[in-house]
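Some notes on the structure that comes next.
FYI, it's all coordinate maths here, none of it is from the lab. All of these numbers come straight from a predicted model, not from anything done at the bench. Every residue, glycine as well, gets a Cβ built from its backbone with ideal geometry; the counts of neighbours run over all protein chains shown.
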Number of protein chains: 2
Amino acid sequence: MRSVVARFSSSSPSIGRHSSIPRLLSRFLSLHRLAPMAAPSEESLRKALADKQAAVDSRGNAVRALKAAKASKPEIDAAIEALNSLKLEKSSIEQQLQAIVRGGDGSSLSREEFRQAVVNTLERRLFYIPSFKIYRGVAGLYDYGPPGCAVKANVLSFWRQHFVLEENMLEVDCPCVTPEIVLKASGHVDKFTDLMVKDEKTGTCYRADHLLKDFCNEKLQKDLTLSAEKAAEFKHVLATLDDLSADELGAKIKEYGIVAPDTKNPLSDPYPFNLMFQTSIGPSGLLRGFMRPETAQGIFVNFKDLYYYNGNRLPFAAAQIGQAFRNEISPRQGLLRVREFTLAEIEHFVDPEDKSHPKFQEVADLEFLMFPREQQMSGQSATKMCLGEAVSKGTVNNETLGYFIGRVYLFLTHLGIDKERLRFRQHLANEMAHYAADCWDAEIECSYGWIECVGIADRSAYDLRAHTEKSGVALVAAEKFTQPREVEKLVITPNKKELGQAFSRSQKNVVEALEAMTEEEAMKMKAALESKGADEFLVCTLGETVTIKASMVKISKEKKKEHQRVFTPSVIEPSFGIGRIIYCLYEHSFYRRGKNKEEQLNVFRFPPLVAPIKCTVFPLIQKPEYEAVAQRISKLLTAAGVSHIIDMSGNTIGKRYARTDELGVPFAITADSESDVTIRERDSKDQVRISVDEVALVVKGLTDGQRTWADIWAAYPHHSSASADDE
Amino acid sequence: MRSVVARFSSSSPSIGRHSSIPRLLSRFLSLHRLAPMAAPSEESLRKALADKQAAVDSRGNAVRALKAAKASKPEIDAAIEALNSLKLEKSSIEQQLQAIVRGGDGSSLSREEFRQAVVNTLERRLFYIPSFKIYRGVAGLYDYGPPGCAVKANVLSFWRQHFVLEENMLEVDCPCVTPEIVLKASGHVDKFTDLMVKDEKTGTCYRADHLLKDFCNEKLQKDLTLSAEKAAEFKHVLATLDDLSADELGAKIKEYGIVAPDTKNPLSDPYPFNLMFQTSIGPSGLLRGFMRPETAQGIFVNFKDLYYYNGNRLPFAAAQIGQAFRNEISPRQGLLRVREFTLAEIEHFVDPEDKSHPKFQEVADLEFLMFPREQQMSGQSATKMCLGEAVSKGTVNNETLGYFIGRVYLFLTHLGIDKERLRFRQHLANEMAHYAADCWDAEIECSYGWIECVGIADRSAYDLRAHTEKSGVALVAAEKFTQPREVEKLVITPNKKELGQAFSRSQKNVVEALEAMTEEEAMKMKAALESKGADEFLVCTLGETVTIKASMVKISKEKKKEHQRVFTPSVIEPSFGIGRIIYCLYEHSFYRRGKNKEEQLNVFRFPPLVAPIKCTVFPLIQKPEYEAVAQRISKLLTAAGVSHIIDMSGNTIGKRYARTDELGVPFAITADSESDVTIRERDSKDQVRISVDEVALVVKGLTDGQRTWADIWAAYPHHSSASADDE
């Protein structure tokens, strides 16, 4: 297990996006976060290195001086030996420092190698393909090839089962093409931007924060002579990258003399670039549209219908799986930052006054890595916590949020995500929108660092209110009282005629100001009018004080019976970046094995649930009887709905096993007689013998999760030809 | 069953699209086709009507003349009676004519009513929702609400099972955002257009062919005084609408004096409007992109990788499910013509020299309505044909195409499409691309007429060749010979130096022309050069004849050994418009029943495979014990993976049944004791009693297709409370 380190605010790429469009989705963007090291150690090393360098310099001068003074050989030799020993010490400090700045444990190279091995296997076996490859591709667009497509379908089907079916969620399917007004209301048109700079000569575009981040990282990692002070400054910049305005970012770029990486040309000032793909709906060119940047808005605008569909009852959840689009300025990091991706989003609507969850007890005992705000701020690590305790102590804001955190944990670990490399990190105050009650990200560690794969946020009533305001359609819920409740209500009735006579053209402003009084203000005026017959009144929109007479307004408190409470529901939103989850799953499932270092074979240890193909069928050798058996088994598997492939090639069984291990196929059936066959399990390489008639149903049971390999191992005779794998 | 009528070419909306981008997909567009009536009958009626009108007129004049002449009352009365009888005859002819021009059987009104009933139910129960409704929507964009979304997921999951899994197809998943070059190669950038006219004053856009079509239809249907000649002319226009050029269409619009329907303003000349949604990829604004108009191109550009993945063997099929986009000028007809839709496409690659299919025998005995080209041309109807015969007689071009026609038939009928309202219509010569070998559309009849829902085309090598040419990457397959074959090859070697001296600047043209000679031309030249030492040679690109001397070119035939045959595979493409299939399924599944005409209840008779929810669970009355049983059953159903809802409302059982019938839920469980419950089947309304522990597995078996209701009816005690439905 890798050590889990504390971190400050992020080097997330979404300047301005968090504060202004604080949808969790935008959190998917931040990938690499700087892991601030145990600071004294790095600082002391930088100091020690500087000291040692000074010592080396001075000892070098001393040696030169001795030589110049023609000192005795033993004297010079002793001085040189001292110099060399100093150099050795310096180099040792350098190595320690290097290890720290490059990833904590000096394993950065092997992490790169590991990623290369995974990615090579994925590309070679067509788990994914750079899109439009024959036309040299487009950055940030990838195809899922056959096994990748099957993995994705399996993940989505499990998502439906685990969330939609389990909770009776209302699934919807909305278009990607979205008219401007919807995204204007949500804030995306104005705020869904990244800051961009242009090469002033060639016009090439770069993300401003990327350039600054790269510059700081490069300095920190490569320039070991950096003073501790300067190092601290660069770290501070990285930690606050998200909070920098366009001007501040521009100033830093100027200060550090950062130029275009490819040409060394000067750069423009940073300016916002909207990340939505824009288009035009219909032939007139007048209706601006965008490709949706998330699926959630389609749910929000349908709230009224969905609430009705649910019998006008809260809570309920709606869900949507679909494509989302983001016109990244310069996509990096392969499958983790792409321009088109599949999201699976849930919007769970609750009464803001009751966020309990009836099924919370089902997840309350779960224990996993949690990383609350306080621990991050105080430089501690994520620790295992019990979810029930986290909610009862108030670390997690409410039961419903906690319930979804637990369900997400179960979802990801069922898929095969390693529990030890999965943590739930709470958003820091500056990451979260002002209206949000609480946000947690499920982060998965892979070779790129800790990656946000699922965001789970309590977004309060923000989204429904925004669309209510823009559309004029009230997106609200009502709680019917069993007994009508009596409430006292303030009633302000301006006498428009008198006010008109008194204030002529300013009448409208005065009326509005009167109607807008708070209860306290109104009651004070009522008292004044009753005692003095008039009151002085500041009309803000006019910027002047007017005299209101008793005849001009009637203020009273009236008792009313209310039969219901009308309110805007809160929404709790778990939002899943499917592509990111799948990529992390690839890394967590990948391993190599073999007789020796040279002959390593690649394996994906996908659980049957995820495996793109559940089973392979081989005739042991190219013999018509065996081939017929293989064909028969294939038919039975198809009838049972088990996805499989037949490999009739003349390759050795060992080669054929290796080929399917690389696709993560959990079971292989080898036809070596007309009555019985063997099934081999991928990771143990164990084999059992089983009758031809039975084999399809056994594999179906294994892949459905009805039976485990241990059950099969206990029930059927073992096959001892252990050498098959080595053929 | 509705009568199946012959028809000529279509009033399809895709002028120019068929001939220039003849992808089957574009066929999805053509909806309403004119059904040319048994022509003599309509023609004779029009003639009879005109004659009768003349007789009425002349008899009317006679009556007036008698009155003017103050003829005797009996005389006048007799004349009036004769006039009235003539008028009656005329009106009878009018009615017959009206019945014919409005849809053959005079049922057009009830068809409208039927559609309204279906659509009202679909909208009320949120099968679909006009997208962004609170913002007054966008034409041609629809959301699938919860039941619609579930139906769609079920249809797609069955599609995967029936096609992808059954045939071991290679499924891929490519992005919607597509760079221009790909769609330039496919022809969409230049040719994927509809002809548009603009209101010259307001700028409102219309589809030119729609206006012309509406004008002709209106005339034919409403103007009963139309002469038979004029009627024939309008019908001809409708039949040839697809073939009209922009100029011809413009001329017709002028000739008929067609104006903007809303304002009566004059219209512009027709001009092409590209139907793709355009966007820009990346921040520079320099890389033009489009939202894909079909998913097929993503497969074609990956051919090389997929062929390799398949072990460099043919045939194999790739498949893709995904969104496609079409910026319609003015979408009409609800869910049938939309701007964003889900396609499921298969590209089956075969050796053009061998289009047999090993599994064809499995579908050869199927019999269903087929509508070959000849039958359409000769005005006959579609007839039931045996698929095996259709292929052996050459009506269907080849076995592979035939195999897919059969598989599509099985797919659609399994979903619940009515066999009698499903036909396979062959494309007419003028509908098909010049390169296409054969095309058939699966058309489903609904209230809008016969709708193309699946296109099945043999597109030959067109697509792969287009991308090979544009990308420079050879998208080819190779057949390895077991023995190398000796072939004689023509070799033409121009002597560029001599040609340069002789023709200086024209040298390039001459060299190219020489190299482009056919074998026959080359051998003739070789003979001439050998006998006369020179030959006259026409260089087309220069437009002149030059003299070629023996020294200027070497022509020979050389024997070569070839180890393989390299060729561009043919592609057979079944392409499914999922939304259209689902809409037709709604119409075919809908019926009403009830005690009397006033109390009609809506039912969708979805097969369990398709039903959005498989089962409902009701406590008979609001009683804690029954509610506990219902909750327990719900848990068991969730564990068994059966999608269901609980209805705890205090409504009568009858009302609750009616509510779920309207969603097409096939089974309802009513908890009326703590040990046993009843299951009710939707269409028969029959009920059986079954134990609480067993009920979830029984429903699972029913919805998986492992058991039928008849099995259950035979195995369990019947429940006699037949009145439940009427409560």
| task | Would you please give the FRET efficiency between A:GLN631 and A:PHE158, computed as 1/(1 + (r/R0)^6) with r the Cβ-Cβ distance and R0 = 25 Å, to the nearest 0.05? | result | 0.25
| query | Once Lys and Arg get +1 and Asp and Glu get -1 on their Cβ, which of A:ILE578, A:SER556, A:HIS588 lies farthest toward the positive end of the dipole of the stretch A:544-663? | reply | A:SER556
| query | At A:ALA628, with labels set 7 Å past Cα in the Cβ direction, how many nm apart are the copies from this one, shortest first? | reply | 6.0
| note | From fewest to most C-beta neighbours within 10 Å, the residues A:MET517, B:MET276 line up as A:MET517, B:MET276
| query | the stretch A:231-260: which GluC sites (Glu not before Pro) are DSSP loop and have at most 13 other beta-carbon atoms within 10 angstrom? | reply | none
| field | DSSP beta bridges in the stretch A:613-726 [antiparallel fraction, %, rounded to 5] | value | 60
| query | Hey, which aspartates and glutamates would be in cross-link range of A:LYS508, C-alpha to C-alpha under 16 Å, not counting anything within fewer than 8 residues on its own chain? | reply | A:GLU498, A:GLU544
| request: Give me the lysines in straight-line cross-link reach of A:LYS70: C-alpha distance below 24 Å, same-chain residues under 8 apart excluded. | output: A:LYS87
| message | Under 20 °C and 1.002 mPa s, how fast does chain B diffuse according to Stokes-Einstein, given a Kirkwood radius computed over C-alpha pairs? Answer in µm²/s, whole number. | response | 70
| query | If one computes the Cα centroid of the stretch A:403-472 and of the stretch B:507-570, what distance in Å separates the two points? | reply | 70
| query | Give or take rounding to whole Å, what are the principal axis extents of the alpha carbon atoms in the stretch A:193-274, in descending order? | reply | 36, 27, 16
| field | Ellipticity estimate at 222 nm from DSSP helix runs (n ≥ 4, -39,500 (n - 2.57)) divided over the protein assembly as shown, nearest 500 | value | -12000 deg cm²/dmol
| task | Would you mind calculating the relative contact order of chain B from Cα pairs under 8 angstrom and at least 6 residues apart, reporting the percent as a whole number? | result | 13
| task | Give the nm distances, rounded to one decimal, from B:SER392 to the matching residue in every other copy, measuring between label points 7 Å along Cα toward the beta carbon; shortest first. | result | 7.8
| message | Which one, A:GLN53, A:ILE93, A:ALA78, projects farthest toward the positive side of the charge dipole computed for the stretch A:39-106 from Cβ point charges (K/R +1, D/E -1)? | response | A:ALA78
| So how compact is the protein assembly as shown: Cα radius of gyration and Dmax in angstrom? | 38.4, 163
| said: Let me spell out the model: positive unit charges on the Cβ of Lys and Arg, negative unit charges on the Cβ of Asp and Glu, origin at the Cα centre of the protein assembly as shown. What dipole size does that give, in debye rounded to 20? | reply: 2200
| task | Set the Förster distance to 60 Å, then compute FRET efficiency between B:VAL259 and A:ASP686 from the Cβ-Cβ distance, nearest 0.05. | result | 0.15
| message | Ordered shortest first, which distances in nm separate the 7 Å Cα→C-beta label point of B:ASP247 from those of the other copies? | response | 6.3
| task | Treat each spin label as a single point 7 Å out from the Cα along the C-beta direction, and report the A:TYR435 to B:TYR271 distance in nm. | result | 4.4
| task | Work through the residues other than A:THR225 whose Cβ is under 13 Å from its Cβ and net out their charges, Lys, Arg +1 and Asp, Glu -1. | result | +2
| task | Using only atoms on other chains, find how many Cβ atoms lie within 10 Å of each Cβ of peptide A:636-645 and report the average. | result | 2
| remark: When A:ILE555, B:ILE669 are arranged by how many other beta-carbons sit within 10 Å of their Cβ, fewest first, they go A:ILE555, B:ILE669
| Can you name the residue in chain B whose Cβ lies closest to the B-to-A rotation axis, and give that gap in whole Å? | B:THR279, 3
| remark: For B:TYR591, A:TYR462, A:TYR144, ascending order of other Cβ atoms within 10 Å (fewest first) is B:TYR591, A:TYR462, A:TYR144
| message | Distance cut-off 31 Å, Cα to Cα: go down the list B:LYS489/B:LYS532; A:LYS198/A:LYS230; A:LYS133/A:LYS254; A:LYS133/B:LYS561; B:LYS254/B:LYS470; A:LYS67/A:LYS90 and report the pairs above it. | response | A:LYS133/A:LYS254; A:LYS133/B:LYS561; B:LYS254/B:LYS470
| note | Out of A:PRO372, A:PRO358, A:VAL408 - ranked by how far each Cα lies towards the positive end of the dipole of the stretch A:344-421, with unit charges on the beta-carbon of charged residues - the top one is A:PRO372
| query | Between A:ARG136 and A:SER720, what is the label-to-label distance in nm when each label sits 7 Å out along the Cα-to-Cβ direction? | reply | 6.2
| said: More than 15 angstrom separation, counting every C-alpha pair in the stretch B:39-101; what % is that? | reply: 54
| What's the FRET efficiency of B:SER110 with A:HIS563 using the Cβ-Cβ distance as r and R₀ = 41 Å, to the nearest 0.05? | 0.40
| message | Give me the inter-chain shielding for A:152-161: mean count of other chain Cβ atoms within 10 Å, whole number please. | response | 2
| request: Enter the mean number of other protein chain beta carbons within 10 Å of the beta carbon of each residue in A:465-474, as an integer. | output: 2
| request: Measure out, as a whole number of angstrom, how far apart the alpha-carbon centroids of the stretch A:594-662 and the stretch A:691-723 sit. | output: 15
| task | For the stretch B:354-498, just the Cα set please: Rg and Dmax, both in angstrom. | result | 20.6, 74
